[in-house]
Amino acid sequence: MYILGIESSCDETAVAVVEREEHNRVIEEQIKSQVPLHAKYGGVVPEIASRNHYEVIDYLAQSVLEKAGLTIHAIDLIAVTQGPGLMGSLLVGLSFAKGLAFAHKIPLAAVDHIHAHIESAFIDNPDIRYPLVALVVSGGHTTLFYQESRFNIQVLSKTRDDAVGEVLDKVAKFYGLGYPGGPILDELSKKGDKDRFKFTFPRMTDGSDDFSFSGYKTAAIRHPAAAGKSVDINPGDQTFKDLMASFFNSMVDYLLIKTRAAVEKTTPKSLIVAGGVSRSSLLREKFTQAFKDTPVELYLSSPGYCTDNAAMIAWLGYEKFRAMPNINYFDSHLNSYSRALFKRRI
Ligand code: KG4
Ligand code: ZN
């Protein structure tokens, strides 16, 4: 079965063709990143994003099909991101997918972007067992989920303010390091002394398990002055590298402590870490080390599927279609589906 996946929720336009059932593989994927367009603003400009998706999406779909050696007539299912994301950007992908599905009478599966990030770990690890805990760390989300089975998902805890990737991007923007901040700070953190500056783990005053990252942002910006240290704001300066290394390392430790607590509380068989920030080499090393000799099996999404991509959309679209073959996209109430999917665990 051939599935065409379409992703346009933020600043990447992505199209993929995957094959499932007889073979389980990504045949072809092309991702058009808009990073150069948004870099000078230090973040995603929604209007620029949606206009660029609109300009490239049909060309990208055509190119992916050609490279895969297929035509649209060979496609058995179209899967598209329904949300969450930037409204204008989502509308481009959704309208394109709806048009294709309607014109060629192909079933259409609308997929939740965050759920697809979790599913991305299955592309290279088909043996992941449920129940599982999943940590999704991206530019828009920092959430711990408990999944009893594929379509039975509950939120264990989530950020009350900024997402971890958002903090990385904002701190990098503040120091004029470039966009997106995550990969830049990940590299910089390898060159500094992670124990030089102290960052305290945030705690919720109401005793909740939720995350908070806005304090990290403030601390990373104000720390040098508060500590009475003079830091030359220059990526080449050793004290600055130490500051960024301490900051990044503390955020990863915070994610680790919260994830370990969630695993101890729910005793899942598997643990998935996915989303753009899970590409961080520091995070991957620390999580691998921390869960090495524990009963839970750790699965890190493959580096190529951490950041936004369409293969994960196609992968989950297939699973959704298999589980609910009669679901008719054009009749379904997508938002209520999404809300029901992510009920908070009590
Ligand atoms: O999953 P994603 O592509 O988009 C969202 O759904 O948000 O995640 C983007 C985020 C950005 O904040 C980016 O700085 C971060 O992922 N990121 C990284 C790395 N690559 C991307 N953070 C740390 N280390 C990386 N190597
Ligand atoms: Zn994403």
For the stretch 12-58 the number of residues that are under 26 Å from Pro107 (Cα atoms) and touching a Ser or Thr at 6+ places or on another chain (Cβ under 7 Å) is 7
Phe151: passes all of (1) at pLDDT 95 or above; (2) away from ligand 2 (no atom under 16 Å from the Cβ); (3) closer than 30 Å to Thr267 by Cα but (1)
In the stretch 286-306, anything aliphatic (A, V, I, L, M) and either under 17 Å from Asn125 (Cα atoms) or modelled with pLDDT under 95 (or both) is listed as Val296, Leu298, Leu300
Of those in the stretch 76-93 that are buried (at least 21 other Cβ atoms within 10 Å of the Cβ) and under 20 Å from Pro325 (Cα atoms), the residue farthest from the chain's Cα centre (by Cα) is Leu77
Counting only strands (runs of 3 or more DSSP E) entirely within the stretch 1-64, those with at least 1 residues that are without any contact (Cβ under 8 Å) to a residue 40 or more places away in the chain and surrounded by fewer than 14 Cβ atoms within 10 Å (Cβ to Cβ) are 25-33
**Report entry** Leu144 vs. criteria in contact with a Pro (Cβ under 9 Å, 6 or more places away or on another chain) and assigned by TED's automatic domain parsing to the domain that holds Val273
**Finding:** no
Residue hits (the stretch 82-136; touching a helix residue (DSSP H, G or I) at 6+ places or on another chain (Cβ under 6 Å) and acidic (Asp, Glu)) are Asp112, Glu119
Of those in the stretch 190-219 that are over 28 Å from Phe145 (Cα atoms) and either within 16 Å of ligand 2 (Cβ to nearest atom) or buried (at least 17 other Cβ atoms within 10 Å of the Cβ) (or both), the residue modelled with the lowest pLDDT is Phe197
Phe145 fails exactly one of (1) over 19 Å from Val263 (Cα atoms); (2) aromatic (Phe, Trp, Tyr); (3) within 16 Å of ligand 2 (Cβ to nearest atom), namely (1)
Of those in the stretch 266-310 that are part of a helix (DSSP H, G or I) and without any contact (Cβ under 8 Å) to a residue 24 or more places away in the chain, the residue nearest to ligand 1 (Cβ to nearest atom) is Arg284
Expected output for the stretch 158-172 (first residue in the same structural domain as Leu135 (by TED's automatic domain parsing) and in contact (Cβ under 8 Å) with a residue 60 or more places away in the chain, partner within 13 Å of ligand 2 (Cβ to nearest atom) and of a type in the set (A, V, I, L, M, F, W, C), Cβ below 6 Å, 6+ apart or cross-chain) is Val164/Val137; Val164/Val277; Gly165/Val277
query = Is it true that some residue in the stretch 203-212 is within 11 Å of ligand 1 (Cβ to nearest atom) and outside any loop (DSSP other than H, G, I, E, B)?
reply = no
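The values are calculated or read from the model by the stated rules, or taken from the named source; none is laboratory data. Treat the numbers as computed from the prediction; the structure is a model and nothing was measured. Virtual Cβ from ideal backbone geometry, glycine too; neighbours counted across all protein chains shown.
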